[in-house]
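The values are calculated or read from the model by the stated rules, or taken from the named source; none is laboratory data. From a predicted model like this one, the values you see are computed outputs, not experimental measurements. Glycine gets a Cβ as well: all are built from the backbone with ideal geometry, and neighbour counts include every protein chain shown. Each accessible area value is taken on the protein alone, full model and side chains, heavy atoms only, with ligands, DNA and RNA left out. Shrake-Rupley method; radii C 1.70, N 1.55, O 1.52, S 1.80 Å.
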Amino acid sequence: MKIKQLLIAACIGTMFTACSSDDTAPQNAERVPINFTANIQQLIPAAGTRVSATTSGLSITDFADETEISVGFFGSGNSVIKKTDGVWNYTGDKLYYSLDGASQTVIGLYPKQSKSMGEVMHGYVSTPTDQSELSSYQSADIMGATATISAPTSEPVALNFKHLGAKIVVKLSGSSISSTFSIKMKNIITTGTYSTSGGVLKISKMYGNNTITFGNYTSAGQTAIIIPQEVAASTVLFEVGTGDVTYTYTTQDAINFKAGYEYTFNLTFSQTAINLSDVSITDWSADPDKSDAISGDLEK
């Protein structure tokens, strides 16, 4: 009798196990993972040029092997894809298509983020203020991509990355420019937030009136990357010099710094010349060997 009861219990347990398996198997089968391919969008906008640099690592036209990119949805997701031998694969948790076929907007950010996508999209992003260090300059070059998807497919979803900041280049000209002169951009908002509008990812300025120190990474001039923003006319925008010897550049008109554009400023030092022959000296005899006027330039 006891053996018969045990057999019945075993059969019932097997039935429940089978039912549980039947319930979950179709659902797991329908969960199609989202595969990706990623590239950097190479555009020449009508009003400017794409960001590029020489030795800084920002001149890349494609992501190199071993590059890691964060991917996720606006409210959640903490996945990473990595390029290995030209193919993008997950390094951890995968993203899946919606079971009900609802549209989803996937967001990609490079460099890889330390936080989940939900935290990143609901938090703040800050531009490094000292970009004289290469690592800080490179971290300022945030690139983003979005893709709206719905129907599951095994084909990889393309993420077309664009620069989310504006690149500033300053080239100095004029005599007596010291190699120790630093370039600083003043009155710049350095904190913003990520947002998506019409499927486009952008950084919107928030607050922070700071000074950004440039780095010397290209023969075109010293460079820095800022959050997109508009600077009003009559704003002290640049400070150039070293120690107590500084020069400033003030905007004449408002400038709207847009994402993905490069803005070059050619700044020339103005000089005031003082000819010493204009100075009258009395009660002293002229030196016969120095009878000609001595001339020279005095800089600010």
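Scanning region 175-189 for residues that are surrounded by 18 or more Cβ atoms within 10 Å (Cβ to Cβ) and of a type outside the set (Lys, Arg) yields a total of 4.
Please determine, by comparing only the residues of region 72-89 that are in contact with a helix residue (DSSP H, G or I) (Cβ under 7 Å, 6 or more places away or on another chain) and at pLDDT 90 or above, which one is most open to solvent (accessible area, probe 1.4 Å). Among those that are in contact with a helix residue (DSSP H, G or I) (Cβ under 7 Å, 6 or more places away or on another chain) and at pLDDT 90 or above, it is Phe73. The residues of region 228-249 that are open to solvent by 60 Å² or more (accessible area, probe 1.4 Å), modelled with pLDDT of 85 or more and not in a loop (DSSP other than H, G, I, E, B), listed by number, are Glu230, Thr248, Tyr249. Which numbered condition trips up Tyr207, out of (1) of a type in the set (Phe, Trp, Tyr); (2) crowded, with 16+ Cβ neighbours inside 10 Å; (3) within 19 Å of Thr129 (Cα to Cα)? The single condition Tyr207 does not satisfy is (2). Can you find a residue that is open to solvent by 40 Å² or more (accessible area, probe 1.4 Å), among the polar types (S, T, N, Q), free of Cβ contacts under 8 Å to residues at least 40 places away in the same chain and more than 30 Å from Arg31 (Cβ to Cβ) anywhere in region 126-136? Scanning region 126-136, I find at least one residue that is open to solvent by 40 Å² or more (accessible area, probe 1.4 Å), among the polar types (S, T, N, Q), free of Cβ contacts under 8 Å to residues at least 40 places away in the same chain and more than 30 Å from Arg31 (Cβ to Cβ), so the answer is yes. The requirement of being open to solvent by less than 10 Å² (accessible area, probe 1.4 Å), within 20 Å of Met117 (Cα to Cα) and at pLDDT 90 or above is fulfilled somewhere in region 190-202, by at least one residue. Restricting Ala158, Ala145 to those that are at pLDDT 90 or above, of a type in the set (A, V, I, L, M), surrounded by fewer than 20 Cβ atoms within 10 Å (Cβ to Cβ) and over 25 Å from Thr250 (Cβ atoms) reduces the list to Ala158. Filtered by the rule that a residue be in a strand (DSSP E or B) and more than 15 Å from Ser173 (Cα to Cα), region 217-227 gives Tyr217, Thr218, Thr223, Ala224, Ile225, Ile226. Within region 164-174, the set of residues being open to solvent by less than 30 Å² (accessible area, probe 1.4 Å) and among the charged types (D, E, K, R) comprises just one member, Lys167.
The set of residues from region 104-120 being polar (S, T, N, Q) and touching a strand residue (DSSP E or B) at 6+ places or on another chain (Cβ under 6 Å) comprises Gln104, Thr105, Gln113. From the list Thr24, Thr105, pick out the single residue that is of a type outside the set (D, E, K, R) and at pLDDT below 90. Matching residue, one of Thr24, Thr105: Thr24.
Quick grid of which residues meet (1) more than 18 Å from the chain's Cα centre (by Cα); (2) without any contact (Cβ under 8 Å) to a residue 24 or more places away in the chain; (3) under 30 Å from Asp100 (Cα atoms):
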{"position": "Ala145", "(1), (2), (3)": "no, no, yes"}
{"position": "Ala166", "(1), (2), (3)": "no, no, no"}
{"position": "Ser173", "(1), (2), (3)": "yes, no, no"}
{"position": "Phe181", "(1), (2), (3)": "yes, no, no"}
{"position": "Met185", "(1), (2), (3)": "no, no, no"}
{"position": "Gly192", "(1), (2), (3)": "no, no, no"}
{"position": "Ile203", "(1), (2), (3)": "no, no, no"}
{"position": "Gly215", "(1), (2), (3)": "no, no, no"}
{"position": "Ala220", "(1), (2), (3)": "yes, no, no"}
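Close Cβ contacts (under 7 Å, 6 or more residues apart or on different chains) running from residues in region 230-257 that are farther than 13 Å from Asn187 by Cα and touching a residue at least 60 places away in the same chain (Cβ under 8 Å) to residues that are open to solvent by 70 Å² or more (accessible area, probe 1.4 Å) and assigned to a loop (DSSP other than H, G, I, E, B) comprise Thr242/Thr180.
One line per residue, one yes/no per condition, for (1) closer than 24 Å to Thr196 by Cβ; (2) among the acidic types (Asp, Glu):
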site: Glu66; (1), (2): no, yes
site: Ser103; (1), (2): yes, no
site: Lys115; (1), (2): yes, no
site: Gly118; (1), (2): yes, no
site: Gly123; (1), (2): yes, no
site: Thr129; (1), (2): no, no
site: Ser136; (1), (2): no, no
